[in-house]
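Colleague: Quick one: structure below, then a few questions.
The values are calculated or read from the model by the stated rules, or taken from the named source; none is laboratory data. This structure is a prediction, so every number in the text was calculated from the model and none was measured. Ideal geometry is used to build each Cβ from the backbone, glycine not excepted, and the neighbour counts take in all protein chains shown. Surface areas here come from the heavy atoms of the whole protein model, side chains and all, with no ligands, DNA or RNA. Shrake-Rupley method; radii C 1.70, N 1.55, O 1.52, S 1.80 Å.
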Amino acid sequence: MNFIKNNLANAITLGNLFSGCVGAVHLMNGDYETTAICIILSLVLDFFDGFVARALKANSNLGTQLDSLADMVSFGLIPGLTMFKMLEPFGNDFLGIHLLFEINYLGFLITLFSCLRLAIFNLDEDQKYYFKGLNTPSNTILIFGIYYFFKHESSPRVFDSAIFETAFVFLTFLSSWLLISPIKMIAMKFKSMKLQDNYPKLALLIGSILILIIFKTFGIPLVILYYIFISIVFRKLLN
């Protein structure tokens with residue numbers, strides 16, 4: 001029984017990793033809907049591994065390392081591959097300039113900065129009740145949410161537009177910077193149950209629900225933009 005208690009959370013973390021691997025394969029094969037399901041599953045498992053570890057008092061250094069390694073695939077590789085797919089139609093031309101490389105490889109900057117962010121997070125002891133920079137799951141929702149909306153709601157030829165090529169390149173650099181930025185972001189961890197201590201979380205929750213109701217599929221990336229905005233608004237209350 002002790003073995004199960006001590007390793008149940010780790011098994012859930014490995015489930016997150018497996019889901020991320022499956023999602024990455026389906027994304028490269030063009031099955032973005034299955035990838036969406038895998039991302040959702042990874043998000044759920046990523047939440048519950050920590051919850052189970054705390055409930056069973058089975059926190060360990062091994063669990064901490066496994067969590068980051070699993071997140072590196074589910075929330076580091078997948079958003080990089082997503083941007084790779086988004087930039088794929090543009091070949092090696094950017095604004096009429098012939099490049100020496102395929103521009104879609106820029107998408108992996110997101111993967112590199114996700115790795116850097118996870119390493120910084122593991123060494124930073126201050127980020128208990130807030131994040132510094134955009135966390136990797138939120139960044140994945142932002143990048144994949146945009147891709148999902150365009151694939152699901154728009155003409156495939158939208159990805160052939162030079163306007164979108166510029167926008168996706170800009171988004172790549174913006175996303176990479178946000179991952180390691182010093183901006184304080186809301187973490188859904190409760191320091192206390194006092195209402196005044198949880199105004200940012202309540203504003204985030206209520207606003208996110210309204211955005212999803214109004215905008216539906218397109219609301220998914222908008223929720224992350226709202227999350228960044230509301231974190232900046234309430235930055236002085238995050239500690």
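Colleague: Given the residues F113, F131, which is the only one that is outside any helix (DSSP H, G or I), touching a residue at least 40 places away in the same chain (Cβ under 8 Å) and of a type in the set (A, V, I, L, M, F, W, C)?
Modeller: Unique residue meeting the criteria: F131.
Colleague: Say we look at the stretch 128-161 and pick out the residues that are at pLDDT below 80 and either among the acidic types (D, E) or surrounded by 18 or more Cβ atoms within 10 Å (Cβ to Cβ) (or both); which of these is farthest from L174 (Cα to Cα)?
Modeller: Only one residue tops the list, namely E153.
Colleague: All but one of (1) more than 22 Å from D31 (Cβ to Cβ); (2) β-branched (V, I, T); (3) out of contact with any strand residue (DSSP E or B) (no Cβ under 6 Å at 6 or more places or on another chain) hold for I78, so report the exception by its number.
Modeller: (1)
Colleague: Turning to a different aspect of this structure: How many of the residues making up the stretch 70-106 are loosely packed, with under 14 Cβ neighbours inside 10 Å and either aromatic (F, W, Y) or within 17 Å of A119 (Cα to Cα) (or both)?
Modeller: Adding up the residues that qualify gives 1.
Colleague: Kindly indicate whether P182 is free of Cβ contacts under 8 Å to residues at least 60 places away in the same chain and open to solvent by 20 Å² or more (accessible area, probe 1.4 Å).
Modeller: Yes.
Colleague: Right, another one. Do you know which of the residues in the stretch 185-224 that are under 26 Å from F84 (Cα atoms) and surrounded by 15 or more Cβ atoms within 10 Å (Cβ to Cβ) is modelled with the lowest pLDDT?
Modeller: So, considering only residues that are under 26 Å from F84 (Cα atoms) and surrounded by 15 or more Cβ atoms within 10 Å (Cβ to Cβ), the one modelled with the lowest pLDDT is F218.
Colleague: Output the residue which, of all residues in the stretch 59-69 that are part of a helix (DSSP H, G or I) and open to solvent by 50 Å² or more (accessible area, probe 1.4 Å), is nearest to H152 (Cα to Cα).
Modeller: Among residues in the stretch 59-69 that are part of a helix (DSSP H, G or I) and open to solvent by 50 Å² or more (accessible area, probe 1.4 Å), the one nearest to H152 (Cα to Cα) is L69.
Colleague: Residues being under 23 Å from L8 (Cα atoms) and assigned to a helix (DSSP H, G or I): count how many of those fall in the stretch 19-58.
Modeller: Here the count works out to 24.
Colleague: Here are some residues: D31, D71, D49. Which one is among the acidic types (D, E), over 14 Å from the mean Cα position of the chain (by Cα) and under 23 Å from I120 (Cβ atoms)?
Modeller: Being among the acidic types (D, E), over 14 Å from the mean Cα position of the chain (by Cα) and under 23 Å from I120 (Cβ atoms) holds for just one of D31, D71, D49, which is D49.
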